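Here the structure comes first, spelled out in structure tokens, and everything after it is commentary.
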Amino acid sequence: MVIIPYQDKKPTIADDAYISPRASVIGAATIGARSSVWEYAVIRADYNTISIGTDSSIQDNCTVHCDLRFPTKIGNSVTLGHNSVAHGCTIEDNVLVGIGAVILNNVQIGHHSIIGAGSVITPGKIIPPESLVIGVPGKVVRSLTPADIKELDANWKVYVELSQRYLKQLREDRK
Ligand SMILES: CC(C)(COP(=O)(O)OP(=O)(O)OC[C@H]1O[C@@H](n2cnc3c(N)ncnc32)[C@H](O)[C@@H]1OP(=O)(O)O)[C@@H](O)C(=O)NCCC(=O)NCCS
């Protein structure tokens, strides 16, 4: 895997986090227990810090960067769908960011929310907890139902399970 220090900052990665050998994690990044970073995702913590909590997945081709003024904070049990971008923003626990969505500087996404595929959340926007957001620019269209929240939980759990299988395989291959 490509774990690269930047100046005097080296990524801190939990022992049981899965980082694909083809992902890049650079600089002042922290990745918590059972989280995963998939094929060709880039986490570049040079201008500022990036923290990713536990049980979160950063899926294939995602870009996670920060801004000089804004660190990026991704909570626990968050899914960043394929090709999505998180830039200088805060994403609270149990959020699903749909495929190809873009989250810009100083955005705060409240816990247990879904950001629809392809949405763009414009700078400084505050999304209340339990929101469904879609569109360009992203707008809250409704609150999540209990069924949506159940599905959110299923989503991150599947990726924790999958990533632990990949991690086991990676360790066996390296023996
Ligand atoms: C937003 C989403 C959750 C669907 O929510 P929903 O409440 O079931 O929405 P529906 O499919 O009933 O569609 C409701 C309306 O929103 C529109 N819509 C749905 N998803 C949309 C999206 N991503 N962007 C823009 N509009 C969207 C539909 O066209 C429909 O419009 P209409 O009322 O004018 O016909 C889903 O489309 C989505 O984007 N999920 C993300 C999935 C994903 O990327 N997962 C990551 C896997 S790794």
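Normalised by the number of residues in segment 2-173, what is the relative contact order in percent for Cα pairs under 8 Å and 6+ residues apart? Please report the intermediate quantities before stating the final value.
On the way: 548 pairs, mean separation 24.3, N = 172.
Taking the mean separation of contacting Cα pairs over the length of segment 2-173, I get 14 percent.
Counting helices only, and only those DSSP H runs with n ≥ 4, report the 222 nm mean residue ellipticity of the chain as the sum of -39,500 (n - 2.57) divided by its residues, in deg cm²/dmol to the nearest 500. All intermediate terms of the calculation are to be shown ahead of the outcome.
Values: 1 runs with 28 residues, N = 175.
The helix contribution divided over the chain gives -5500 deg cm²/dmol.
Give the lysines reachable from LYS168 as a straight Cα distance under 26 Å; neighbours fewer than 8 places away on the same chain don't count.
Excluding near neighbours in sequence, the set is LYS10, LYS157.
What's the ranking of 117-126, 26-35, 164-173 by average number of surrounding C-beta atoms within 10 Å, highest first?
Values: 117-126: 16.7, 26-35: 21.9, 164-173: 11.7.
Result, highest mean first: 26-35, 117-126, 164-173.
To make sure I understand the rule: partners must be aspartates and glutamates, Cα under 13 Å from the Cα of LYS73, and not fewer than 8 residues away in the same chain. Which ones qualify?
List returned: GLU92, ASP93.
Rounded to the nearest 20 debye, what is the charge dipole size of the chain about its Cα centre when +1 sits on each Lys and Arg Cβ and -1 on each Asp and Glu Cβ? Mind dumping the intermediate values first?
On the way: 17 positive and 17 negative charges, 45 e Å.
Computed charge dipole of the chain: roughly 220 debye.
Take each of the peptides 39-45, 130-136, 90-96, 49-55, average the number of other beta-carbon atoms within 10 Å over its residues, and list them starting from the highest. Before the final figure, lay out the partial values.
Working: 39-45: 19.7, 130-136: 18.0, 90-96: 23.4, 49-55: 21.6.
Ranking the peptides 39-45, 130-136, 90-96, 49-55 by packing returns 90-96, 49-55, 39-45, 130-136.
What do you get for Rg/Rh of segment 75-175 when both radii come from the Cα atoms and Rh is the Kirkwood radius? Could you put the intermediate results ahead of the total?
Values: Rg = 14.7 Å, Rh = 14.0 Å.
Looking at segment 75-175, the ratio lands at 1.05.
What number does segment 81-121 give for Rg over Rh if you use C-alpha atoms and the Kirkwood radius? List each step's numbers first, then the result.
Values: Rg = 8.9 Å, Rh = 9.8 Å.
Reported Rg/Rh (Cα atoms, Kirkwood Rh): 0.91.
Which one of LEU144, THR79, TYR6 has its Cα pushed farthest toward the positive end of the charge dipole of segment 2-173, where Lys and Arg give +1 and Asp and Glu give -1 at the Cβ?
Of the candidates, TYR6 comes out farthest on the positive side.
Please check which bits of segment 21-50 a label hung off GLU172 would reach, taking the label as a point 7 Å along Cα-to-C-beta and the cut-off as backbone N under 18 Å.
From segment 21-50, the list is 21.
Step by step: find N for segment 2-173, compute 2.2 N^0.38 Å, then divide the Cα radius of gyration by it. What's the final number?
0.96
Could you go through segment 45-61 in sequence order and give the Karplus-derived ³J(HN,Hα) for each residue, using 6.51 cos²θ - 1.76 cosθ + 1.60 with θ = phi - 60°, rounded to whole Hz, and x for Gly and Pro?
With coefficients 6.51, -1.76 and 1.60, one gets 9, 10, 5, 7, 8, 10, 10, 10, x, 9, 6, 9, 10, 10, 7, 3, 6 Hz.
With the chain treated as a Gaussian network of Cα nodes joined by springs under 10 Å, which of PRO129, PRO11, PRO146 yields the largest mean-square fluctuation?
PRO146
For LYS139, give me every one of the aspartates and glutamates with a C-alpha distance below 16 angstrom, ignoring sequence neighbours fewer than eight places off in its own chain.
GLU130
How far is helix 146-173 tilted, in degrees, relative to the longest principal axis of the Cα atoms in the chain, given as a value from 0 to 90 rounded to the nearest 10?
10 degrees
Measure out, as a whole number of angstrom, how far apart the alpha-carbon centroids of segment 135-172 and segment 4-47 sit.
19 Å
Coordinate-derived values only; no laboratory data. Source: prediction; values computed, not measured. Because the Cβ atoms are built from the backbone with ideal geometry, glycine has one as well, and the counts that use them run over all protein chains shown.
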